[in-house]
C-alpha cells in the first residue's frame, strides 16, 4: 500500500496506537514523514496498569475456555457479572491513557488503532474469547462512549480490534526504523509477556491466520518437554521457567529485579539454575527458527507437537516452497535480551551456532539454501521497535481511515 495515495495527517488530528496487554495498556502517538512516507513514534505516551483502576479484581478467574468457545459458537455469549466488572476496569484504563495523550498534545480529535489479545467478536470491535482476562464483547462501543462524553472526538470510529502479532508486522513494515522495510522475505519473532509471529513473503505482509495449513504460531507448538514454545520465546515465560528451576516465585524475582537479562548475567557468572534455563531457551529457539526455515523452503515435517492435540497436522505443500528468508527478526524484549551484553554471549551466539549446525546437517535444504544461510549471524537481527504493537495499531487505523475518505 503506497502512502502517497493518501493525504498526510493534519496538525489538529492525533493518530494513536493502543497496545492492550495482559496487565496494562499503553498509548503512543504517531507521526507521518511526508518525504519518506514512513511512520515514527511521536513524543506523547501514557501507560496504565489495570490494577491501578478502582474495582480491579486481583484474583479474577476467566471463564473456562471450553465454555467461552461454546457460547461464541452458539451465538450466546453471556459474560458473567465478575467479567463485566473486570472489563470496566480494562476499558477505564484504556480511556485514561488516551485522555492523558490528548491532554499532553492539546489535540482532542483522534484516530485510534487498538490491539488486544483474544478472539474477536464478529464485528471485530469486541473480544469473545480470552485466556487471561474478561470477555468484552462491546469494548469499542463502551470506550468510544466513555471518551466522547468527556469531549474527545473520534474522527472515525475504531475500525476493529487487531492482534499484537499482526500489528508487530505492520509496525516493522511501515515504521522508519522497521526491519521489514525494503526486505522481500522475512520472519519476525517478538517476545514480551507473550509471543508474536509475523511474516513477510514476496514483499507483502502475510498474517499467520492465512498460513495455518502449513505454518503454526509459536504458542501453538510444544517443546520436547511438553511446554508451549511461548514459554521459551517470551521474557515472561523465560522468567517463569527460571523460577521453577530455582525453586522461587515469580513475584519474588520481580521484587528483586531479576528478569531474563539478569538471568543471562547469572548464567555468564556460572549460576547452574540460570545456565539450565538458558540452555533450554537456546535449544528451543534454535529448533523453532530451524523449523521456520525448513518449513518455508521444503514444507513442514511436523517437527513439533501441538498444545491442542486435535489441531490438524501441517501440510508439506504451500505456495512459497523454495523461498528463503532474507532476514529473521527478533523483536520486543526478546530482542533486547539478544542484544544485552550477557544475552549476546549466552543466548544469541549459541542460538546461531546451534542453528548453523542444524542447517548444515539438514536433508530438507539443498546446497543453494545452505549457502544462503551460511552466515546466519547477518540474517538474524534484533528490532529496535519495542513499541511495534502500538505503532502497528496506529498505522492500521490510519490506513482504515483513509480507505473511507
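Checking the structure you have, find out if any residue of region 224-237 is closer than 21 Å to residue 359 by Cα, assigned to a loop (DSSP other than H, G, I, E, B), at pLDDT below 95 and out of contact with any strand residue (DSSP E or B) (no Cβ under 7 Å at 6 or more places or on another chain). Yes, some residue in region 224-237 is closer than 21 Å to residue 359 by Cα, assigned to a loop (DSSP other than H, G, I, E, B), at pLDDT below 95 and out of contact with any strand residue (DSSP E or B) (no Cβ under 7 Å at 6 or more places or on another chain).
Scanning region 252-264 for residues that are without any contact (Cβ under 8 Å) to a residue 60 or more places away in the chain and in contact with a helix residue (DSSP H, G or I) (Cβ under 9 Å, 6 or more places away or on another chain) turns up 252, 253, 254, 256, 258, 259, 262, 263.
Each row is one residue, and each column tells you yes or no for (1) crowded, with 24+ Cβ neighbours inside 10 Å; (2) outside the structural domain of residue 316 (by TED's automatic domain parsing).
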| position | (1), (2) |
| --- | --- |
| 158 | no, yes |
| 184 | no, no |
| 189 | yes, no |
| 207 | no, no |
| 212 | no, no |
| 215 | no, no |
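Cβ-Cβ contacts under 7 Å between residues 6 or more apart (or on different chains), taken from a first residue in region 138-156 that is free of Cβ contacts under 8 Å to residues at least 60 places away in the same chain to a second residue that is surrounded by fewer than 19 Cβ atoms within 10 Å (Cβ to Cβ) and in a loop (DSSP other than H, G, I, E, B), are listed as 144/157; 151/108; 152/108; 153/108. Restricting 84, 51 to those that are farther than 22 Å from residue 159 by Cα and over 25 Å from the mean Cα position of the chain (by Cα) reduces the list to 84.
Residues checked against (1) touching a residue at least 60 places away in the same chain (Cβ under 8 Å); (2) under 16 Å from residue 393 (Cβ atoms); (3) assigned by TED's automatic domain parsing to the domain that holds residue 41:
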site: 87; (1), (2), (3): no, no, yes
site: 92; (1), (2), (3): no, no, yes
site: 101; (1), (2), (3): yes, yes, yes
site: 110; (1), (2), (3): yes, yes, yes
site: 114; (1), (2), (3): yes, yes, yes
site: 128; (1), (2), (3): yes, no, yes
site: 134; (1), (2), (3): yes, no, yes
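Highlighted here are the helices (runs of 4 or more DSSP H) found entirely within region 358-405 that include at least 2 residues which are closer than 17 Å to residue 335 by Cα and under 28 Å from the mean Cα position of the chain (by Cα): 376-379, 388-403. Tallying residues that are surrounded by fewer than 18 Cβ atoms within 10 Å (Cβ to Cβ) and either in contact with a strand residue (DSSP E or B) (Cβ under 7 Å, 6 or more places away or on another chain) or under 30 Å from residue 43 (Cα atoms) (or both) within region 119-129 yields 2. Of the residues contained in region 109-118, one or more are found to be surrounded by 16 or more Cβ atoms within 10 Å (Cβ to Cβ) and on the phi > 0 side of the Ramachandran plot. Annotation: of all residues in region 281-295 being over 13 Å from residue 359 (Cβ atoms) and in contact with a strand residue (DSSP E or B) (Cβ under 9 Å, 6 or more places away or on another chain), the one that is surrounded by the most Cβ atoms within 10 Å (Cβ to Cβ) is 285. Going through region 346-370 one residue at a time, which ones are within 20 Å of residue 274 (Cα to Cα) and either crowded, with 17+ Cβ neighbours inside 10 Å or touching a strand residue (DSSP E or B) at 6+ places or on another chain (Cβ under 6 Å) (or both)? Hits for region 346-370 are 346, 347, 348, 350, 351, 352, 354. Restricting 308, 356 to residues that are modelled with pLDDT under 95 and assigned by TED's automatic domain parsing to the domain that holds residue 195 narrows the list to 308.
Could you say whether any residue in region 315-326 is touching a strand residue (DSSP E or B) at 6+ places or on another chain (Cβ under 7 Å), farther than 22 Å from residue 348 by Cβ, modelled with pLDDT of 95 or more and surrounded by 17 or more Cβ atoms within 10 Å (Cβ to Cβ)?
yes
Scanning region 130-152 for residues that are in contact with a strand residue (DSSP E or B) (Cβ under 9 Å, 6 or more places away or on another chain), at pLDDT 95 or above and in a loop (DSSP other than H, G, I, E, B) yields a count of 4. Residues of region 6-27 include none that is crowded, with 16+ Cβ neighbours inside 10 Å and free of Cβ contacts under 8 Å to residues at least 40 places away in the same chain. Apart from one condition, residue 162 fits all of (1) more than 24 Å from residue 128 (Cβ to Cβ); (2) in contact with a strand residue (DSSP E or B) (Cβ under 8 Å, 6 or more places away or on another chain); (3) touching a residue at least 24 places away in the same chain (Cβ under 8 Å); the exception is (1).
Across region 339-371, the number of residues qualifying as within 26 Å of residue 321 (Cα to Cα) and in contact with a helix residue (DSSP H, G or I) (Cβ under 8 Å, 6 or more places away or on another chain) comes to 13. Of all residues in region 160-178, those satisfying the criterion of being surrounded by 22 or more Cβ atoms within 10 Å (Cβ to Cβ) and part of a loop (DSSP other than H, G, I, E, B) are 163, 178.
The values are calculated or read from the model by the stated rules, or taken from the named source; none is laboratory data. All values derive from a computational prediction rather than experimental measurement. Cβ coordinates were reconstructed from backbone atoms using ideal geometry, including for glycine residues, and neighbour counts include every protein chain displayed.
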